[in-house]
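This report concerns only the one structure given below.
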Amino acid sequence: MAHDPEEIAALVSRSLEDAGLRPAEEFVLRFPHELSGGQRQRVSIAAALALEPDFIVADEPVSMLDVSIRTEILQLMMDLREKRGLTYLFITHDLSLAWILADRLAVMYLGKIVEQGTAEQVISRPKHPYTQALISVVPSPDPRHLAKRTILKGERPDAVNIPSGCRFHPRCPLAFEKCGWSADEVADELRSLSAGGLLPEIAGIQVQNPGTVAIGIVPGMTPGSAAANLRRVASENRDSRLALKGIADIRENGDAIRVTLQAWEEPVLVELEPGNAVACHLVTPPAESVPTVTA
Ligand code: SF4
């Protein structure tokens, strides 16, 4: 780092000019309100360059810019990458941008990487349901390209209340038994079925503990027939109400019914091919090759 005032002035000038603010003397004393949006973004880039970095974290660097200025800033960043040998960690919600810019991509959901690989691996052959949904809604300029769009249901959960198991499971169109259904989710779905009149024998539904839901029976009903109806209704609705897949067992428990939930675990990143890893229970690692033994 430079300490001498002249060295610092030269470094600032060089950084401004490399960021496209030329001549530097014209810009060095300007206030922010004297700069356009694109120029302010160039000043941010110049500030990063003044530290003479090898690695820059760029968090949504062009998301607030007009399309025309966006192209200029991206081109500048790419030119600087070549000129200064920089590496960027580029954070974006724009997958088409990631496809153009990145050598490697990591797709994150609620703070965790769910898929990573080269841009080709992730964009052309996405394997995680979240990545597949994101890519399905990227507009195509080809009107003949009629890809099926996957619109995710519901809101992204609160980051301070991360869902159990796979954190994507409440919105995943492919979620199944071991994805992490909680007793609250199962109880909510059962209450909804009960409110719809499909479970007339049921008087009340209560979460007993993280793995069990207790169900009270209307007086005069037999727990055996109530449990049988509950099993039938849960089985018939599990494809449209995915939380019902979280039910492992339904059985009488004295005058009530006990619903036991499936065991679950959080998926971890599994490497499928060199450099390409996915965190989803639907994805299985390639079988280990067995070494050939010769006599
Ligand atoms: S583990 Fe896979 S299938 Fe299950 S919820 Fe997560 S992304 Fe969906």
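Which one is farthest from residue 272 (Cα to Cα), of the residues in region 100-120 that are away from the ligand (no atom under 15 Å from the Cβ) and of a type in the set (Asp, Glu)?
103
Within region 141-152, how many residues are within 13 Å of the ligand (Cβ to nearest atom) and either at pLDDT 95 or above or open to solvent by 60 Å² or more (accessible area, probe 1.4 Å) (or both)?
0
Could you please let me know if residue 138 is within 16 Å of residue 97 (Cα to Cα), in a loop (DSSP other than H, G, I, E, B) and open to solvent by less than 60 Å² (accessible area, probe 1.4 Å)?
Yes, satisfied.
Quickly run through region 1-17 and pick out the residues that are open to solvent by less than 80 Å² (accessible area, probe 1.4 Å), within 40 Å of the chain's Cα centre (by Cα) and of a type outside the set (A, V, I, L, M).
15, 17
Of everything in region 97-117, what is open to solvent by 50 Å² or more (accessible area, probe 1.4 Å) and over 12 Å from the mean Cα position of the chain (by Cα)? Give them in sequence order.
99, 100, 103, 104
All but one of (1) within 23 Å of the chain's Cα centre (by Cα); (2) at pLDDT below 95 hold for residue 223; state the number of the condition that does not hold.
Only one criterion is unmet by residue 223, namely (1).
Got a number for residues in region 161-204 being part of a loop (DSSP other than H, G, I, E, B) and within 16 Å of the ligand (Cβ to nearest atom)?
18
Residue-by-condition table, conditions (1) in contact with a Gly (Cβ under 7 Å, 6 or more places away or on another chain); (2) buried (at least 19 other Cβ atoms within 10 Å of the Cβ); (3) aliphatic (A, V, I, L, M); (4) modelled with pLDDT of 95 or more:
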residue: 200; (1), (2), (3), (4): no, no, no, yes
residue: 213; (1), (2), (3), (4): no, yes, yes, yes
residue: 243; (1), (2), (3), (4): no, yes, yes, yes
residue: 247; (1), (2), (3), (4): no, yes, yes, yes
residue: 278; (1), (2), (3), (4): no, yes, yes, yes
residue: 291; (1), (2), (3), (4): no, no, no, no
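Among the residues of region 18-41, write down those that are in a helix (DSSP H, G or I), open to solvent by 30 Å² or more (accessible area, probe 1.4 Å) and farther than 17 Å from residue 90 by Cβ.
Correct list: 25, 26, 32, 33, 34, 37, 39, 40.
The values are calculated or read from the model by the stated rules, or taken from the named source; none is laboratory data. Note that this is a predicted model, so its numbers are computed, not measured. Here the Cβ is made from the backbone with ideal geometry for all residues, glycine too, and neighbour counts use every protein chain on show. SASA here: full protein model, heavy atoms, side chains in, ligands and nucleic acids out. Shrake-Rupley method; radii C 1.70, N 1.55, O 1.52, S 1.80 Å.
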